[in-house]
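Just so it is clear, none of the values below were taken in a lab; they were calculated from the coordinates. Computed from a predicted model, the values in this text were never measured in an experiment. Cβ atoms come from the backbone with ideal geometry, glycine included; neighbour counts cover every protein chain shown.
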Amino acid sequence: MVKLLVKVTISAILIILILYKIDVHKLLNMMLKIGVVEFFGLSAIYILAQFISSIRWSMVISSLDENVSAIYLFKLYLMGMFANLFLPSTIGGDTIKGYILSKSIGIRKAISSIFLERYNGLLVLLFLSLISSLLCFKLFGLKIVGLIVAINLLTVILIYVLKFIKHEKVRKFYLDIATFHKSKNFYTVTVFSFLVQTINIVMYLLVGLKLGFHISPAFYFAFIPIITLISFLPISFNGIGVREFSFVYFFKIAGLNSTQAVSLSIAVFFVVVSTSLLGGVFYINNERVIEEAKGFRKRV
């Protein structure tokens, strides 16, 4: 409870600071540039990305010698997204997904599959950011490119360090990573991760164009992955406040002012929230979804 209050307090403070930095009237006018048709179009793109993620997840589970329908996993994805609206971090949604999936493939494999899917997506995100910054070095400058390279190196080192940790659960996770890398599905899963992350970044790019931001696509491919990673840090409620500050910091380099950067963040956030509400349908009928999970185990 104390941790939750701290996270909510941090988010509240950051939002107050952001409101002090931006022109709220201009922000509202910019948001109105996104009409109903564009909003539903962006929502459809986001749903497509989640469905592709579900296919990717099913392939990860297959590499662990289990078999679960991508359609069923899509339901779990939507449930997890819905749970994230009310829980203090994205890990909350993963917990819901893991609990229900454990009814069909067991708790260890359920957790491992979620971990491996996140891990693969994270590596692809960072790789996209690294490639974009290196290809457009002059656009970003040494400081930003150095920061992105450092984050990539640190992530690889941390993953490698897992190999030397003797804790039983950590050792099993590392073995799962090694097994996943050797599986026939690894490269296909990675291709799907590239597709998912590219779709998510392009969604921001489309919003930026609609809001009238004429900046290089390289900025989106370099910054969105880093901002996404920062938003995952468990220091605020669902990344609120931290995400917006990150947009202001990074997209200032692209020439956007604070109001423009925050509008980009909020516009996509509203799309994600509205789409996540669809998961409420399955969340309300969670007992039926759990029974379906048990059915998978019986059939397998």
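Details
- Unit charges at the beta carbon, dipole of the chain: most positive-side option, Tyr46, Phe232, Gly35: Phe232
- Listed by number, the DSSP H helices of the chain that run 30 Å or longer by alpha-carbon position along their axis and have mean Kyte hydropathy of at least 1.0 are 36-63, 107-135, 186-210.
- Computed [θ] at 222 nm, deg cm²/dmol, the chain (DSSP H ≥ 4; -39,500 (n - 2.57); rounded to nearest 500): -27000 deg cm²/dmol
- Dipole of the chain, positive end: most advanced residue of Val272, Phe213, Ile177 [Cβ charges, Cα centre]: Ile177
- Taking only Cα atoms of the chain, radius of gyration then Dmax in Å: 19.6, 58
- With coordinates expressed along the principal axes, the C-alpha atoms belonging to the range 189-256 extend over 34, 32, 18 Å, beginning with the largest.
- If only the Cβ of Lys and Arg carry +1 and only the Cβ of Asp and Glu carry -1, the dipole of the chain around its Cα centre is close to 620 debye.
- A dipole drawn for the range 38-299 from +1 and -1 charges on Cβ atoms has a positive end, and of Ile151, Gly141, Ala110 the residue lying farthest that way is Ala110.
- Treating each Cα of the range 1-70 as an identical point scatterer and summing with the Debye formula, the log10 of I(q)/I(0) at q = 0.18, 0.28 Å⁻¹ comes to -0.86, -1.07.
- Diffusion constant of the range 158-213 at 20 °C, which comes from Stokes-Einstein with the Kirkwood Cα-pair radius and 1.002 mPa s, µm²/s: 153
- The charge dipole of the range 122-250, taken about the Cα centre with unit charges on the Cβ atoms of Lys, Arg (+1) and Asp, Glu (-1), comes to about 340 debye, rounded to the nearest 20.
- Relative intensity, log₁₀ I(q)/I(0), of the range 75-181 from a Debye sum that treats every alpha carbon as a point, q = 0.18, 0.23 Å⁻¹: -0.99, -1.16
- Taking every C-alpha pair closer than 8 Å and separated by at least 6 residues, the mean separation divided by the residue count of the range 38-299 gives a relative contact order of 31 percent.
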